[in-house]
Structure formats: structure tokens, C-alpha cells
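Student: Sharing a structure, written as C-alpha cells. Questions coming.
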């Protein structure tokens, strides 16, 4: 596989391969001025795949993968190669979140940017952001996209139905499935906390 020789578009000069460089040397030129328009590409991926991931984390992971795998890039379609790295980064983040949730890893001490949206849109407590995200990503991409378009992008239900060739009632039912799933996740979390509290009370009585 031949290292990439970027086309005439100067945006891709950041991908010029130097065998004497490692990922640390490559990263600064990928970041400065965002020559690959990577933030925009990450945002587009979140929208097209309807993923509840933090944009900054996806951008950082994508940068790392591009820098690490730059020698594997090929000249045929630079944009497609970059899109593959963004998709790979998103998959890694989804899998990591599922792994952390399954093993009960403690939540990060820093505020999760997704919390504000979930609180405003669904009234979900910030502490439940990871559990909600995991449940959301288990849903079909069709249901996720319906939710994203209606709730995140604020599109009209009639417009979504017309564009997708479905009835408005069908779109509403898809939204209900998503909200029901997310709500049940929240209820399970609260019930688990209540049970733990009751057990502690019984032990101390």
C-alpha cells in the first residue's frame, strides 16, 4: 500500500507522509486551522448515523487515528479514507461506553456535554447520560434517525414522514419506541438506586 500523495487541493497538504515523522509530529498540522475540515466531518457523521456522542471526543479520537494510520492512506479517495477513520473513531467510542457501563466503571468527574441536551429534551438526570447513550445506540438506526431529526434537529413530523415515505403516525410510533426505551433505562436506574437504599436501610435497622 503506497503512502498518500495528496492531490492539488492544499487542504490535504497536512497528509503529506514523512517516514521520519510519528503521530506526535503529524498531529499539530492536522489541528492547526483544521485543514481536513475534521470537525465538520465529525459533526456530519454524528448526524448521518444519529449518534449521541460528544463531538469533541469524536474529533480527538479521529485525529489520533488519522495521525496513527497516515502511512496506510491511499491517493484514490482521500475524503473516503478520512471518513473511514471518523467512522472507526465513533465505533470505538460507542464500544468503550458500552464496556464501561457493563462493568460499572465510575463516571468521569468532568461534565458531559450531552447532559444538557438530555435534560432539556427528555428531563433525564445528568448522572444517567451514559446509560441513556448506551440504550440509544442499541436501537435501530432507523429509529435513531427519526429521533435525531425530530428532537435534535427539530424537523417537523410531517416533513420527516413525507421524505421517508411513511405516514405521520408511523413516525410518531418510532419516536415513542425511542422515548419508551430511554425512559425505561431511566426507570431501571432509579429502581436500582432505590433497591440499594432499601437494602442499606434494612442492614442498619
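Coordinate-derived values only; no laboratory data. Please read these numbers as outputs of a predicted model, since none were measured by experiment. Backbone-built Cβ (ideal geometry, glycine too); neighbour counts: all protein chains shown.
Student: Whole angstrom only: what separates the Cα centroid of region 20-60 from the Cα centroid of region 123-175?
Tutor: Rounded to whole Å, the Cα centres lie 25 Å apart.
Student: Need the full-extension length gain, residue 163 to residue 110, defined as separation in residues times 0.36 nm minus the C-alpha distance. One decimal, nm.
Tutor: 15.1 nm
Student: Cut-off is 10 Å between beta-carbons; in what order do 69, 45 appear when sorted fewest neighbours first?
Tutor: Exposure proxy ranking, most exposed first: 69, 45.
Student: Multiply the residue gap between residue 179 and residue 64 by 0.36 nm, knock off their C-alpha separation, and tell me the result in nm, one decimal place.
Tutor: 38.0 nm
Student: Here's a follow-up. Evaluate E = 1/(1 + (r/R0)^6) for residue 151 and residue 20, where r is the Cβ-Cβ distance and R0 equals 45 Å; express this FRET efficiency to the nearest 0.05.
Tutor: Step by step, r from the Cβ atoms, then E = 0.40.
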